[in-house]
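Structure first, commentary second.
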Amino acid sequence: MFFEKYRRNVLKVLADFVRGTSIYKYRRERQIINRVKPWNDEDESLYNFYSSIILNDSLVFDVGANIGTRTKIFSRICSLVVAVEPQQYCFDILEKVFKPAENVVLVNKGLDCDAGNKSQYISDAHTLSSFSENWITKVKESGRFSAYQNNIAVAQQLQLANKFEKISLSWYRYWHQHQIQ
């Protein structure tokens with residue numbers, strides 16, 4: 001029993017070391033980009049669903065865009081997609097995947113009703129990160145994702161109330177002016 005526990009600890013230390021290397025990070029990022037970019041059957045299914053409820057010339061905000069799986073779908077349907085993502089890791093992937101897309105605007109911030117800074121819980125798994133301490137607590141209590149860690153980091157916020165409407169109208173007008181010219 002002692003040796004098994006020791007072996008697990010050694011393997012965890014080695015895994016953490018490998019994950020910290022730049023080669024691992026680069027390879028992992030490339031895997032994610034290569035998974036997001038190509039159109040697949042799941043994308044087609046999501047496209048069919050979303051295109052039945054979103055008009056072709058719509059403006060869509062993908063809040064919490066993560067690595068862009070929905071952004072990809074929306075960019076095929078909508079005139080303009082504003083993808084908002086506070087996690088730097090995910091935002092870097094969004095930039096690499098959607099930088100050439102003319103109808104996608106990327107915003108590297110979080111959204112909240114109040115402007116200012118707020119703690120974001122960054123997980124080892126980017127899909128489990130959140131601003132909600134309550135959600136993180138519930139996830140940990142469930143034990144479902146016990147293999148992942150959540151560390152606290154500070155992320156910027158963008159004010160949602162009132163200013164958000166002005167921002168969306170400005171982007172929409174800007175984009176349509178450039179389409180006409």
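Look at the stretch 1-24: where a residue is in a helix (DSSP H, G or I) and a partner is open to solvent by less than 100 Å² (accessible area, probe 1.4 Å) and modelled with pLDDT of 70 or more, sitting 6+ places away or on another chain with Cβ atoms under 9 Å, you get VAL18/TYR24; ARG19/ARG28; ARG19/ASP124. Within the stretch 78-120, if we keep just the residues that are open to solvent by less than 40 Å² (accessible area, probe 1.4 Å) and in a helix (DSSP H, G or I), the residue that is farthest from VAL36 (Cα to Cα) turns out to be PHE91.
Taken over the stretch 33-63, residues that are open to solvent by less than 80 Å² (accessible area, probe 1.4 Å), closer than 23 Å to LEU106 by Cα, of a type in the set (S, T, N, Q) and part of a helix (DSSP H, G or I) amount to 1.
Please work out if ARG30 is farther than 21 Å from ALA125 by Cα, open to solvent by 50 Å² or more (accessible area, probe 1.4 Å), of a type in the set (Lys, Arg) and not in a strand (DSSP E or B). Outline the logic, then answer.
Details: farther than 21 Å from ALA125 by Cα: no; open to solvent by 50 Å² or more (accessible area, probe 1.4 Å): yes; of a type in the set (Lys, Arg): yes; not in a strand (DSSP E or B): yes.
The answer is no for ARG30.
In the stretch 55-93, how many residues are acidic (Asp, Glu), farther than 15 Å from ASN103 by Cα and without any contact (Cβ under 8 Å) to a residue 60 or more places away in the chain?
Taking the stretch 55-93 first, the residues acidic (Asp, Glu) are 57, 62, 85, 92.
Filter again for farther than 15 Å from ASN103 by Cα, leaving 85, 92.
When the remaining residues are screened for being without any contact (Cβ under 8 Å) to a residue 60 or more places away in the chain, the result is 85.
The number of residues fulfilling the criteria is 1.
When you check ALA125 against the structure, is it within 17 Å of the chain's Cα centre (by Cα), among the aliphatic types (A, V, I, L, M) and surrounded by fewer than 19 Cβ atoms within 10 Å (Cβ to Cβ), yes or no? For ALA125, the condition - within 17 Å of the chain's Cα centre (by Cα), among the aliphatic types (A, V, I, L, M) and surrounded by fewer than 19 Cβ atoms within 10 Å (Cβ to Cβ) - is met.
Hey, can you tell me all the residues within the stretch 64-76 that are among the β-branched types (Val, Ile, Thr) and open to solvent by 10 Å² or more (accessible area, probe 1.4 Å)?
At the first step, the residues of the stretch 64-76 found to be among the β-branched types (Val, Ile, Thr) are 67, 69, 71, 73.
Within the stretch 64-76, just THR69 meets the criteria.
The values are calculated or read from the model by the stated rules, or taken from the named source; none is laboratory data. Being a predicted model, the structure only gives us computed values, none of them experimental. Cβ coordinates were reconstructed from backbone atoms using ideal geometry, including for glycine residues, and neighbour counts include every protein chain displayed. Only protein heavy atoms, including side chains, enter the accessible area calculation; ligands, DNA and RNA are left aside. Shrake-Rupley method; radii C 1.70, N 1.55, O 1.52, S 1.80 Å.
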